[in-house]
Amino acid sequence: MSYILLTVDVEDWFQVENLRSHFPFNSWDSCEFRVEDNTHVLLDLLDDFHISATFFVLGWIAERCPGLVKEIKTRGHEVASHGYGHQLCYELSSSELKKDLYRSKSLLEDIIGQPVHGYRAPSFSITRELVDLLKEFGYRYDSSYNDFSMHSRYGKMNSIQQHFPNARLNRENSFTELPISNLKLGGKSIPWGGGGYFRLCPFWLFKQGVVRILQQQEYYLFYCHPWEFDPDQPRVDGMRIDRRFRHYVNLAETSERMNSFLTSFSQHEFITCSRFLNLA
Ligand SMILES: [Zn+2]
């Protein structure tokens, strides 16, 4: 049996890393708030397919929309943490990172009344220090490792990869890494886990890649964001052209593509990260 771990990073359109220079943290409260409506689009779609997913909710959003967090839980999904302020982990000092990890976890736990097991770093900004701190704060798994993103941004995170060669191998331990699933071809990693690549790649090709990944490992882990289901979100001028393309490409088709994805793989079991790891 192979599993599909569908994950959602719950943040609003103005909180993505590529827009940080346009919308600094202290401007967020003045931005148009669209995350609740967009998350509902996704929740309704998942309901249609009776599928459970894992929602990594940003603490800043949870603070403003506790009802949405509760709803995610009551509609059968897992609530996990996407940190509090969406700053890249390696740009925070140790004490700032600790504060962010603690604040986001306790905030979500107060809302849902249950322990939060999972964490995903903003923009996959995983470091060794982060992993150690996650353990210290009682998280049971992390889903921030994206080997494609590491190549392009970082390059020197091999120690993480060696530490977590395979999620299954680490399931016996008290802490597990669940990496984003990418396609391995000729020793190279091709981004296949979601985001702009999911919206850009022709669906028939995307589907073939997922089939191949499921032949290579026991699960496929996919990520998306509520703002990707919102073609009417405000457009921002002055973005670098490659980032602009990646952010806005095919937004009007995301719902339809997701529908095709869920239909095409309906014979597989869609499962939350915690249930996959036997934590819930
Ligand atoms: Zn994010």
Item to complete: Please verify whether the stretch 110-120 includes one or more residues that are crowded, with 16+ Cβ neighbours inside 10 Å and in a strand (DSSP E or B).
Response: yes
Worksheet entry | Filter pass, S255 being in contact with a helix residue (DSSP H, G or I) (Cβ under 6 Å, 6 or more places away or on another chain) and surrounded by fewer than 20 Cβ atoms within 10 Å (Cβ to Cβ) | yes
Discussion item. Given the criterion out of contact with any His (no Cβ under 9 Å at 6 or more places or on another chain), part of a helix (DSSP H, G or I), within 16 Å of the ligand (Cβ to nearest atom) and at pLDDT 95 or above, identify the matching residue among T7, T39.
Written reply: T39
Worksheet item: What are the residues in the stretch 189-229 that are in a strand (DSSP E or B), aromatic (F, W, Y) and either within 16 Å of the ligand (Cβ to nearest atom) or in contact with an Asp or Glu (Cβ under 8 Å, 6 or more places away or on another chain) (or both), if any?
Response: F222, Y223
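Results for (1) surrounded by 11 or more Cβ atoms within 10 Å (Cβ to Cβ); (2) more than 19 Å from D147 (Cβ to Cβ); (3) more than 20 Å from the chain's Cα centre (by Cα), shown as yes or no for each residue.
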position: S181; (1), (2), (3): yes, no, no
position: W192; (1), (2), (3): yes, no, no
position: K207; (1), (2), (3): yes, yes, no
position: I213; (1), (2), (3): yes, no, no
position: Y219; (1), (2), (3): yes, no, no
position: F222; (1), (2), (3): yes, no, no
position: P226; (1), (2), (3): yes, yes, no
position: V236; (1), (2), (3): yes, yes, yes
Discussion item. Of the conditions (1) of a type outside the set (A, V, I, L, M); (2) closer than 16 Å to T7 by Cα; (3) at pLDDT 95 or above, F124 satisfies every one except a single condition; which number is it?
Written reply: (3)
Worksheet item: Just to be sure, is F25 in contact (Cβ under 8 Å) with a residue 40 or more places away in the chain and within 15 Å of the chain's Cα centre (by Cα)?
Response: no
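The values are calculated or read from the model by the stated rules, or taken from the named source; none is laboratory data. These figures come from a predicted structure and were not determined experimentally. Cβ sites come from the backbone with ideal geometry, for glycine too, and all protein chains shown count toward neighbours.
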